[in-house]
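Trainee: Below is a structure I'd like to ask you about.
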Amino acid sequence: RNDNMPCVVYGGDHLYYACWNPTVNAWQSEVVDGDPLVGAYASLAFNSTSKPFISYYDAANGDLKLAYNLSGVWQKAIVETNPVMLGAQESVEDDASTTSPDLQEFYATLKRIPWTNPFELYGEFKDVAEIVYDGGGVGLHTSIAVDQLGRVHISYYDDDNRSLKYAFNDGTTWKIEVVDDYLDQGRVGLWSSIAVDSNGIPQIAYMSEKYDDLKFAWRKGWVNPVDPDDPANKPWDKWTVDSASNVGSFASLAVDDNGLPLISYMDFANYNLKFARMDVSRDWHVANVDTTGSVGWYSSIARDADGKVHVSYYNMTDGNLKYAKLSGTTWSISTIYSQGD
């Protein structure tokens, strides 16, 4: 927001929006969408007048949704509808391409859920109740950005086709396209993070799960290809940024003054926080940021007006919130909050 007050969106049972109110020294929250099982993967962006836009997942129907505030009233719309009827058993089938032991264990937990009534879960199953229906559908791993013209850009994962998709609204209509598709990559588009440069050109960081790679896509512009299979006619340039074993989870994207990408993400094989940047020659530079313990979970990156890069992330080993700041070529690392988990 223009007043620099922090706001967050979250959900799973419903979609919520909360902002800090310094006058009463407290968070003030409201329900944006009261439908059941909505709000997972919520992502928040503001336009130039501080109007909030939220992309989120409707787990009950498998839809990608958008909410925005118009004159104090929340408007909600379906951006893309899931074309396949969700089935509980199919929603938790794991992919043979999944190599992460943690993800395999998670899928195994889901398969043990008593499906007679998945909305009333107890014991070991209660923690995963809200994301049982995340499999299947469109709108998982959603990320939203609003450019200087007020146009909305959303990246998200389509689990029906196991592809990374992009939705764009110019103020009147939605345009939807596949950015990177399944082919031999397994699930592609997990942990998507979108950003736009000063010209309104979108970029997306994401994970390809079969090979556990960190990938990046940069839009070249709208095209109407004569031969859709000709790479020259594809609207997205794509890179494999890091192909080390099991990388790319929790990717978060920002852009520098030159419109070049800056990405924080986790190395799941070594449990490290990593950072990748592209130089003006479009070459990638990858480095470890924090290698102490199991770190890098749920990373989030931002860049300030002075060009310094900031990353917040979770230290799983100690249950702490950590923070890394890049000044020039030097990272400084600190623990922000360590009470409890």
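Trainee: Among Trp284, Asn258, Ala244, whose Cα projects farthest towards the positive end of the dipole of the stretch 243-292, with charges put on the beta-carbon of Lys, Arg (+1) and Asp, Glu (-1)?
Mentor: Positive-end residue among those listed: Ala244.
Trainee: Now for a different question. Could you compute the FRET efficiency for Val280 and Ser332, with r as their C-beta to C-beta distance and R0 at 22 Å, rounded to 0.05? Mind dumping the intermediate values first?
Mentor: Details: r = 26 Å, r/R0 = 1.16.
The value I calculate is 0.30.
Trainee: Residue by residue through the stretch 273-286, what is 3J(HN,Hα) from phi via Karplus (6.51 cos²θ - 1.76 cosθ + 1.60, θ = phi - 60°)? Round to whole Hz and write x for glycine and proline.
Mentor: 8, 10, 9, 10, 9, 9, 8, 5, 8, 6, 9, 9, 10, 10
Trainee: Given charges of +1 on the Cβ of Lys and Arg and -1 on the Cβ of Asp and Glu, with all other atoms neutral, how large is the dipole of the stretch 249-319 about its Cα centre, in debye to the nearest 20?
Mentor: Working: 5 positive and 9 negative charges, 26 e Å.
Dipole magnitude for the stretch 249-319 comes out near 120 debye.
Trainee: So for the pair Lys51, Asn161, with labels modelled 7 Å out along Cα→Cβ, what separation do we get in nm?
Mentor: Placing both labels 7 Å along Cα→Cβ, they lie 3.0 nm apart.
Trainee: Can you sort His141, His285 by 1.4 Å-probe accessible area, starting with the largest? It would help to have the intermediate numbers written out before the result.
Mentor: Values: His141 20, His285 75 Å².
The most accessible residue leads, giving His285, His141.
Trainee: If the limit is 23 Å between Cα atoms, which of Lys274/Lys325; Lys65/Lys165; Lys175/Lys308 go over it? It would help to have the intermediate numbers written out before the result.
Mentor: Values: Lys274/Lys325 13 Å; Lys65/Lys165 14 Å; Lys175/Lys308 34 Å.
Violating the 23 Å Cα-Cα cut-off are Lys175/Lys308.
Trainee: Give the calculated FRET efficiency between Ala287 and Lys220 to the nearest 0.05, with a Förster radius of 30 Å applied to their Cβ-Cβ distance.
Mentor: Details: r = 28 Å, r/R0 = 0.93.
After rounding to 0.05, the efficiency reads 0.60.
The values are calculated or read from the model by the stated rules, or taken from the named source; none is laboratory data. As the structure is a prediction and not an experimental result, all values here were calculated from the model. So basically every Cβ, Gly included, is an ideal-geometry build from the backbone, and we count neighbours across all protein chains shown. These area figures cover heavy atoms from the full protein model, side chains too; ligands, DNA and RNA do not enter into them. Shrake-Rupley method; radii C 1.70, N 1.55, O 1.52, S 1.80 Å.
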